[in-house]
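First comes the structure, then the notes that go with it.
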Amino acid sequence: MSHATGIRYLKDGVLPHMWCSGCGIGVMLGAMLRAFEELDYKNTDTVVVTGIGCTGKADDYLVTNALHTTHGRALAYATGIKAFNPSLHVVVLMGDGDSVTIGGNHFIHAARRNIDLTAIVIHNFNFGMTGGQVAGTTPGGRFTSTTAWGNPERDFDICALAEVAGANYVARETPYHGWELKERIKEALDKKGFSLVEVFSPCPTHFGKNNEMKQTREMLDWFRERGLPVERYRKLSAGEKKNHFPVGKLVDRDEPDFNARYEEIRARATAPEG
Amino acid sequence: MAKEARLVQGNQAMAEGAIYAGARFYAGYPITPSSEIAEECSKVMLKVGGVYMQMEDEIASIAAVIGASLTGAKAFTATSGPGFSLMQENLGLAVMGEVPCVVIDVQRCGPSTGLATKPAQSDIMQLRWGRHGDQIVIALCPATVNECFALTVTAFNFAEKFRVPVILAPDEIVGHMRENFSVPEPGEIAVIDRKKPSVSADRYLPFAADADGVAPLAAYGSDYVFHVSSSMHGRDGYSNNDPANAAWRVAQLHRKIEMHQDEIVLTKSFAVEDADVLLIAYGATTRAGRAAAMEARKQGIKAGVLQLVTLWPFADKEVAALAKKAKTVVVPEMNYSGQVAGEVRRVLGSGAEIRRVNSYNGEIISPQDILKAIV
Amino acid sequence: MNEKKERYEVILAGSGGQGLVLAGIMLGEAAVREGRNVVQTQSYGIASRGGLSLAEVIIDREEIIYQQVQQPDVILALTEEALEKYAALADEGVRIFYDTTLAKPRTGANLTGHPFTKIASDLGNVAAVNILALGTMLAAIPVVKTESLAGVIRKRFKGTALEMNLKALSTGEELV
């Protein structure tokens, strides 16, 4: 059996793409389109919603339905789409700035609502498109174009945020783990309820350059050395955990999604009286 | 045959008007003095097969409305000044993406939190210019409970017909007042649905306007696949940085409204034929103006009222025609700066006599206040 | 003297929780039942400051143009603050009914005081004070037929609340 390429979802004549060499967005996009193909998604029943930033440019390459929105609000737009037509596959592509910095409120509420969307978040530790400024996801002490002497703030753990806010499915992978990434996206797409796949990504142009990982390989090595399968990560001591992060499927549960709950309420509201 | 008369609140009538117009999606965030609209929709949407969502803020509310509209819903939200301010950026996307939607802004006294339960007519410029970039929307303003219903239907009709956000902007008085009202029978008021594409799916261009200036709009989930973008885009909806394309796009967003100006600009007039004194009013202030004009006539002064039902685009032609016949123009409005008076000044020029009557303390303008400016 | 006029302007004034806005709505609904035009507003109008809760109702055979009360025919004042605000209008011929439980008694041609709150409380539900006072007002000034208001009460309430409100209405009427 031949492997899925996802090429049927790519617009003709748009390659090579605009992302910097070494960036993980292309790897993520490839994994997503292969997952689409393996699940036999149709262009007509799929809507890709994007925000603003490097990741937000992804819709330019796609021939599925798409909505390119405002900075931080992609999940709110997607919520309206899914709530009105639950039969659609609604996939939301965001960066870390989009999803949990400017758009953090929508992120936690989409997870709380457990609306049946798949959010794929490229986490590259800074604002790439605007020149590498600090984000809510830049680790403390790290250097960016607006934290020249180091970041005084702490970073969000995006997966933990989604978990406590109520997402049904949470996973993390990196471009170093390309095959697994496609598998995780497929699981997320298949999962009813809010699902998140966080994708750690190199940003060799900005974050890597500012933090002594100028070569793409150096950031990938960073992911390889520090990213441990979740089963192994959980066995580490608290001290050891500080130097690592878990990859793989972190949360998998089956709470009813928004649309299911809403239809339950509708049945109550429309039941004959008495 | 209209249904039995009831005592109905303005906010309730707008919710009922939306359902009559075919609205099946509401997303909002509660705010005084608009919350009764949300409360009604939370109940009725369940019963008519629609969806009500209370979002995390007004930014999300208008975003969800736009998403639902592109999925084929007639969709709307309701808010007041602070929430309306929050919606502006995403409303810009609805302009840019030509997404039909309706926003109700029940105007209250500001700035900022201001007097949350008190009326104002001070969002007039925000209605027109609240969004960045050069663009135009339609704004309507009811003065009675009956108009709350009818103009909500009109708002949806304009939104659907011209693929544009339409803002309905009652003041708090009109939103909260109750009057006797009967819901029209289905069909009694025309309901317009958006134009759907008829070309084959592979030839559909979501921004290729027909001769009427408006492109057909498909729905996500239909046989048509399409892109909508907040970025400058071409006829196919894909981003496009070409200056010639940008020029066409910005002009097109304006032209489709300008082409239909006569259809969109709605006014009502009361005893203006022989008026020496022309009152130009909108919303609840129309009612005080009419009472003042009637009292003035008792005192021998020929006064009449032009009610601006459509606030934007502005009624340049109607104002100019009636003002030409009058000696004095009076503009009563619940704001400090004379937001509509300034537009009247723009239309009539610097030489015209324009008297302003303004309140900006949350108190209603009375007929006596206006009469003082007439006599 | 109880001849019905073409137009009535009514103010119901008191403090929050006395159910005056609801009373205003119900009075308006009773007038709609009689086929008349109604505008009901709250909190605003010729007086709007302080802790007052205020409902205005205008009832007319003709179109109601200005939505606020300008020349009240009758005022119901259920607190001292409300009465203080409007008492002077009695000299101008406005009929004022007030609650002597909460407001100091006054003398004057158009001023009528009854202990509405106490009577409602004795009936078993102080919350019925709004309907009780409306009953008294309507018995004296036929803004709407009492039967129209009873019809509104029957539509809005069920069970013991219905009984209580109908009892309050008739008790109010009998005070005149």
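The values are calculated or read from the model by the stated rules, or taken from the named source; none is laboratory data. Just so we're clear, the structure is a prediction, and the values are computed from it rather than from any experiment. As a convention, Cβ positions derive from the backbone with ideal geometry for all residues, glycine included, and neighbour counts pool all protein chains shown.
Listing for the model above:
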| quantity | calculated |
| --- | --- |
| Qualifying residue in segment B:92-115 (condition: of a type in the set (Gly, Ala, Ser), away from chain A (no Cβ under 12 Å), out of contact with any Lys or Arg (no Cβ under 8 Å at 6 or more places or on another chain) and assigned to a helix (DSSP H, G or I)) | no |
| Matching residues in segment A:83-100 - criterion: being β-branched (Val, Ile, Thr) and more than 10 Å from chain B (Cβ to nearest Cβ) | A:Val91, A:Val92, A:Val100 |
| Residue check for B:Asn361: on the phi < 0 side of the Ramachandran plot, touching a Ser or Thr at 6+ places or on another chain (Cβ under 6 Å) and either free of Cβ contacts under 8 Å to residues at least 24 places away in the same chain or part of a loop (DSSP other than H, G, I, E, B) (or both) | no |
| Test: residue in segment B:45-56 that is in a loop (DSSP other than H, G, I, E, B) and in contact with a Pro (Cβ under 7 Å, 6 or more places away or on another chain) | no |
| Candidate set: segment A:157-194, residues that are in contact with a Lys or Arg (Cβ under 6 Å, 6 or more places away or on another chain) and of a type outside the set (D, E, K, R); chosen: the one surrounded by the most Cβ atoms within 10 Å (Cβ to Cβ) | A:Ala171 |
| Residues that are within 14 Å of chain A (Cβ to nearest Cβ) and closer than 12 Å to B:Met96 by Cβ, drawn from segment B:207-250 | B:Phe207, B:Val228, B:Ser229, B:Ser230, B:Ser231, B:Met232, B:His233, B:Gly237, B:Ser239 |
| Residue in segment B:137-148 that is of a type outside the set (Val, Ile, Thr), over 17 Å from B:Ile173 (Cα atoms) and outside any strand (DSSP E or B) present | no |
| Residues being within 14 Å of another protein chain (Cβ to nearest Cβ), under 16 Å from the mean Cα position of the chain (by Cα) and surrounded by fewer than 20 Cβ atoms within 10 Å (Cβ to Cβ) - total across segment C:66-99 | 1 |
| Any hit, segment A:65-82, residues being assigned to a loop (DSSP other than H, G, I, E, B) and more than 9 Å from chain B (Cβ to nearest Cβ) | no |
| Candidate set from segment A:169-212 (those that are in a loop (DSSP other than H, G, I, E, B) and in contact with a Phe, Trp or Tyr (Cβ under 6 Å, 6 or more places away or on another chain)); member that is nearest to A:Thr5 (Cα to Cα) | A:Thr174 |
| Of all residues making up segment B:1-45, the number that are aliphatic (A, V, I, L, M), farther than 12 Å from B:Phe156 by Cβ and either at pLDDT 95 or above or in contact with a Lys or Arg (Cβ under 7 Å, 6 or more places away or on another chain) (or both) | 10 |
| All positions within segment B:318-351 that are outside any helix (DSSP H, G or I), touching a helix residue (DSSP H, G or I) at 6+ places or on another chain (Cβ under 9 Å) and surrounded by fewer than 16 Cβ atoms within 10 Å (Cβ to Cβ) | B:Ser337 |
| Residue satisfying all of: in segment B:287-306; touching a residue at least 24 places away in the same chain (Cβ under 8 Å) and away from chain C (no Cβ under 14 Å); surrounded by the fewest Cβ atoms within 10 Å (Cβ to Cβ) among these | B:Gln299 |
| Selection count where residues are out of contact with any Phe, Trp or Tyr (no Cβ under 8 Å at 6 or more places or on another chain), within 18 Å of B:Thr152 (Cβ to Cβ) and without any contact (Cβ under 8 Å) to a residue 60 or more places away in the chain, scope segment B:85-131 | 1 |
| Selection count, segment B:12-49, where residues are more than 8 Å from chain A (Cβ to nearest Cβ) and under 23 Å from A:Val92 (Cβ atoms) | 3 |
| Members of segment B:203-252 that are out of contact with any Ser or Thr (no Cβ under 9 Å at 6 or more places or on another chain) and of a type in the set (Gly, Ala, Ser) | B:Ala208, B:Ala209, B:Ala211, B:Gly213, B:Ala215, B:Ala218, B:Gly234, B:Ala244, B:Ala246, B:Ala247, B:Ala251 |
